[in-house]
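To start, the structure under review is shown below, and the notes come after it.
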Amino acid sequence: MAHDIVVLGAGMVGTCTALELTLRGHAVTLVDRRPPGRETSFGNAGVIQREAVEPYAFPRDVRAILAAAVGRGLDIHYQAAGLFGALPQLMRYWWHSAPQRHRRIGRAYAGLIAHVTQEHGRYMALAGAQDLVRREGLRLMYRSGPAMEAAAAHAQQLHRDHGIGLDLLDARALAAAEPAFRIPMAGAVHWLDSWSVIDPGALVERYESAFRHRGGRFARGDASSLRERAGGWEVRLDEGLVQARHAVVALGPWSSALTRRMGYRLPLFIKRGYHRHYVGGDGVNVPTLDAERGYVMSSQRRGLRITTGAEIARIDAPSTPRQLAGAETEVRKLLNLGLPVEAQPWLGSRPCCADMKPVIGRAQRHKGLWFNFGHGHHGFTLGPASARLLADLIEGGTPYTEATAFSPSRFPC
């Protein structure tokens, strides 16, 4: 039976959820305060990470933790107030990152990741978005021999376990693949099955256009106005009110404020990130993570995009683009970077869950309320796969992949 559904949040996850439900015959209104794809989904490295079968674990090595604590590296930075506020969640994150627990989480996580390129490919065909995608993979670049050797051994294990396409590049092969590099690197792990997008925000916009073309409605409105009413839900729009039998919360980093107000205590926290584009210099042929420095370079429509690692801070805290400044310094040593496009770096927030898994499924305390958020660094990657899973659950069918591990019920109300 078709339902009328309101989806809150027009980032990658929310837009895909709205599109999937519309394709299945439901009447869907997608609500956001801004046009689709202008928040978190706008600011990532633009990589659809088929290789990401393991979620990012909290460092277990004491030296790595101390380096982050004193601000030695670029991959992690924190503001004191944000760190204090997120400390309970970070402690749970560390606990779940123990090797045995992380392997168990990874088995469930891989069940979603296995479908990401297939599901994105389906949506790209519907949206006419093939011009935005490159199927050339993702490189993880290493500067030191020991780090490269350890990464190669781990990558080969993931290749054996999950069948992900892999190529290992030594120093000479990497120099040939990226001739603009000025200094030699030890090598790179090249994941062949991952895709990249030259304009992440534009891909969300194409998916939203496909949603509207198939009968969906997008409306500007206040997601925080969500209220339960007899027989369903109500949200205040700029143009009035919308009422629906079902509501889906897909607000990314803003999901925590809304769900907490409704009585849910989910272990969510924020990782912020920065990016900037540069033109008039060199680019990279394949998106490249400088694994020992903690930033990503990707050639995009607006120029070479440098995307930083994680900053632990409050969502509304002032900008502290230390990581981006450090990444820019490192890139200028590596290649001819060119000039920045934006006067100020872009800043956005990533919605993370302490057990490294997204929250997908029925809310325990309210009828007709559904969650789809907490994807961490992989919301752009997991949008269509998560949407398909949630649509299966809303319709009461057999989920296409294991769903229990992502259910909100794994956390007590």
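Rule-based calculations on the coordinates, nothing more; no lab input. Only a predicted model underlies this, so the values are computations on that prediction, with no experimental measurement involved. Please note: Cβ atoms are built from the backbone with ideal geometry, for glycine as well, and neighbour counts cover all protein chains shown.
Work out Dmax and Rg for segment 116-255 from the C-alpha atoms and quote the Rg first, both in angstrom.
22.3, 67
Given a 10 angstrom Cα cut-off, can you work out which residue in Val47, Val242, Val197 is the most mobile in a GNM of the chain?
Val242
Compute the separation of the alpha-carbon centres of segment 227-294 and segment 1-64 and state it in Å as a whole number.
Each part's Cα centre sits 7 Å from the other's.
Can you give me the three principal axis dimensions of segment 262-385 from its C-alpha atoms, in Å, biggest first?
Result for segment 262-385: principal-axis Cα extents of 55, 31, 26 Å.
Working only with C-alpha atoms, what are the Rg and Dmax values of segment 267-317, expressed in angstrom?
13.1, 43
Would you please give the FRET efficiency between Asp316 and Ser225, computed as 1/(1 + (r/R0)^6) with r the Cβ-Cβ distance and R0 = 22 Å, to the nearest 0.05?
Numbers: r = 19 Å, r/R0 = 0.89.
For Asp316 and Ser225, the calculated efficiency is 0.65.
Within the set of other residues whose C-beta is less than 14 Å from the C-beta of Glu39, count the net charge using Lys and Arg as +1 and Asp and Glu as -1. Let's see the in-between values first.
Details: positive: Arg33, Arg34, Arg38, Arg220, Arg272, Arg350; negative: Asp32, Glu205, Glu208, Asp316.
After counting each charged neighbour, the total is +2.
How high is the relative contact order of segment 263-413? Use alpha-carbon pairs under 8 Å, at least six apart in sequence, and give a whole percent.
Relative contact order, segment 263-413: 26 percent.
Multiply the residue gap between Leu87 and Ala114 by 0.36 nm, knock off their C-alpha separation, and tell me the result in nm, one decimal place. Provide the component values of the computation, followed by the final result.
On the way: separation 27, 0.36 × 27 = 9.72 nm, distance 3.18 nm.
Between Leu87 and Ala114, full extension yields an extra 6.5 nm.
Would you mind giving the three semi-axes, in whole Å and largest first, of the ellipsoid equivalent to segment 91-198 according to its Cα gyration tensor?
Calculated on Cα positions only, the semi-axes equal 26, 24, 12 Å.
Say R0 is 30 Å: what FRET efficiency, to the nearest 0.05, do Ala125 and Asp161 get from their beta-carbon distance?
Details: r = 30 Å, r/R0 = 0.98.
About 0.50, to the nearest 0.05.
For a quick check, take a GNM of the chain with Cα springs below 10 Å and name the residue from Val248, Val204, Val133 with the largest mean-square fluctuation.
The residue with the greatest mean-square fluctuation here is Val133.
Applying the Karplus parametrisation 6.51 cos²θ - 1.76 cosθ + 1.60 with θ = phi - 60° to the phi angles of segment 121-133, what ³J(HN,Hα) value in whole Hz is obtained for each residue in order, glycine and proline being reported as x?
Karplus values, whole Hz, x for Gly and Pro: x, 5, 5, 4, 5, 5, 8, x, 10, 4, 5, 8, 10.
Return the Rg/Rh value of segment 319-413, two decimal places, where both radii are evaluated on C-alpha atoms and Rh is the Kirkwood radius.
1.18
Quote the FRET efficiency, to the nearest 0.05, computed for Arg214 versus Lys367 with a Förster distance R0 of 35 Å and r equal to the Cβ-Cβ distance.
It comes to 0.80.
With only Lys, Arg, Asp and Glu charged, each at its Cβ (+1 for the first two, -1 for the last two), find how big the charge dipole of segment 110-172 is about the Cα centre; round to the nearest 20 debye.
Working: 7 positive and 7 negative charges, 17 e Å.
Here the size comes out at about 80 debye.
So, with +1 on the Cβ of K and R and -1 on the Cβ of D and E, and no other charges, what is the size of the charge dipole of the chain about its Cα centre, to the nearest 20 debye?
880
With θ set to phi - 60° and the Karplus curve 6.51 cos²θ - 1.76 cosθ + 1.60, what are the ³J(HN,Hα) couplings of segment 344-360 in order, to the nearest whole Hz, using x for Gly and Pro?
10, x, 6, 10, x, 10, 10, x, 10, 10, 4, 9, 6, 10, x, 9, 9
Would you mind telling me the antiparallel percentage of the DSSP bridges in the chain, rounded to 5?
70
If you build a Gaussian network model of the chain, linking Cα atoms that sit under 10 Å apart, which residue out of Gln130, Gln157, Gln364 swings the most?
Gln157
Count the net charge of all other residues whose Cβ sits under 9 Å from the Cβ of Glu311, scoring Lys and Arg as +1 and Asp and Glu as -1.
Combined, the nearby Lys, Arg, Asp and Glu give +3.
Quick one: net charge around Ala127, please, counting Lys, Arg +1 and Asp, Glu -1 for every other residue with C-beta under 12 Å from its C-beta.
Taking every Cβ under 12 Å from that of Ala127, the sum is +1.
Based on other C-beta atoms within 10 Å, arrange Val6, Val331 from fewest to most.
Taking fewest neighbouring Cβ atoms as first place, the list is Val331, Val6.
Using Cα positions and a limit of under 12 Å, work out the aspartates and glutamates in reach of Lys367, with same-chain residues fewer than 8 apart set aside.
Once the sequence-local aspartates and glutamates are set aside, what remains near Lys367 is Glu228.
I'd like to know which of Ala325, Ala343, Gly303 lies farthest towards the positive end of the charge dipole of segment 296-344, counting +1 on Cβ of Lys and Arg and -1 on Cβ of Asp and Glu.
Result: Gly303.
Along its principal axes, what span do the Cα atoms of the chain show, with the longest given first and each in whole Å?
65, 44, 43
Given Cβ point charges of +1 (Lys, Arg) and -1 (Asp, Glu) and nothing else, what value in debye, to the nearest 20, does the dipole of segment 208-331 about its Cα centre take?
Dipole of segment 208-331, to the nearest 20 debye: 520 debye.
With a point put 7 Å past each Cα toward its Cβ, work out how far Glu149 is from Val341 in nm, to one decimal.
Here the modelled spin labels are 4.1 nm apart.
For segment 340-395, take N as its residue count and report Rg(C-alpha) divided by 2.2 N^0.38 Å.
Normalised Rg, Cα atoms only: 1.46.
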